[in-house]
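Here is the structure we will look at, set down as C-alpha cells.
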Amino acid sequence: MTGNYHQLTLAEVRPGMVLSDVLLDVQGHVLLPQGTVLTEAMLALMPRHGIAMLPILKEEVSPEVAQATLQHHEARIDHLFRKNDADSDSDWATALLRRFVSDFRLGLPETPEHE
C-alpha cells in the first residue's frame, strides 16, 4: 500500500477519487485494481460486496494552493472574531474559543492544557 493514502468510509468517497491499493472483497478476491478511478456505479455496488471502507489516494496540493487555503481560513477566523481583540486577556472564553477554532481550521495538532 502506498503511504500517500487515507481510509475513508463509503459515505465519504466521491466519484472521481482514486484507489491507492487493490480492493479485495471479504473472500480475498480482487474487485478493483490499484489506481482505479471510482465511478458512481462502482460505489453503488460496494455494500453488496461488504465494503465499508476504501483506501483512497490523497490528492497532491501545490504550495500555492495550500498557502491560499491557509490565508482564506485565517481571514475567515479574523472575520468571525472581529469584535474580539486577540491580544486582550479580558475575554478569556472568547480567546480560548478562537484558539480552538484556529487550531482546528489550520490543522494544528491538539495540545493538552495540563499534563
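The values are calculated or read from the model by the stated rules, or taken from the named source; none is laboratory data. These figures come from a predicted structure and were not determined experimentally. Reconstructed Cβ throughout: ideal geometry from the backbone, glycine too, with neighbour counts over all protein chains shown. Each accessible area value is taken on the protein alone, full model and side chains, heavy atoms only, with ligands, DNA and RNA left out. Shrake-Rupley method; radii C 1.70, N 1.55, O 1.52, S 1.80 Å.
Does Pro55 count as touching a Phe, Trp or Tyr at 6+ places or on another chain (Cβ under 9 Å) and either in a loop (DSSP other than H, G, I, E, B) or farther than 30 Å from Arg99 by Cβ (or both)? So Pro55 passes the test. Condition (residue is modelled with pLDDT under 90, within 30 Å of Arg99 (Cα to Cα) and open to solvent by 80 Å² or more (accessible area, probe 1.4 Å)) applied to segment 12-29: is it met by at least one residue? No: segment 12-29 contains no residue that is modelled with pLDDT under 90, within 30 Å of Arg99 (Cα to Cα) and open to solvent by 80 Å² or more (accessible area, probe 1.4 Å). Out of the residues in segment 1-31 meeting the condition of being of a type in the set (A, V, I, L, M) and assigned to a loop (DSSP other than H, G, I, E, B), tell me which one is farthest from Ala44 (Cα to Cα). Selected residue: Met1.
Conditions (1) touching a residue at least 24 places away in the same chain (Cβ under 8 Å); (2) part of a helix (DSSP H, G or I); (3) within 18 Å of the chain's Cα centre (by Cα), marked per residue:
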| residue | (1), (2), (3) |
| --- | --- |
| Ala68 | no, yes, yes |
| Asp78 | no, yes, no |
| Ser88 | no, no, no |
| Leu96 | no, yes, no |
| Val101 | yes, yes, yes |
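For segment 45-57, residues that are open to solvent by less than 90 Å² (accessible area, probe 1.4 Å) and either farther than 27 Å from Gln34 by Cα or basic (Lys, Arg) (or both) total 0.
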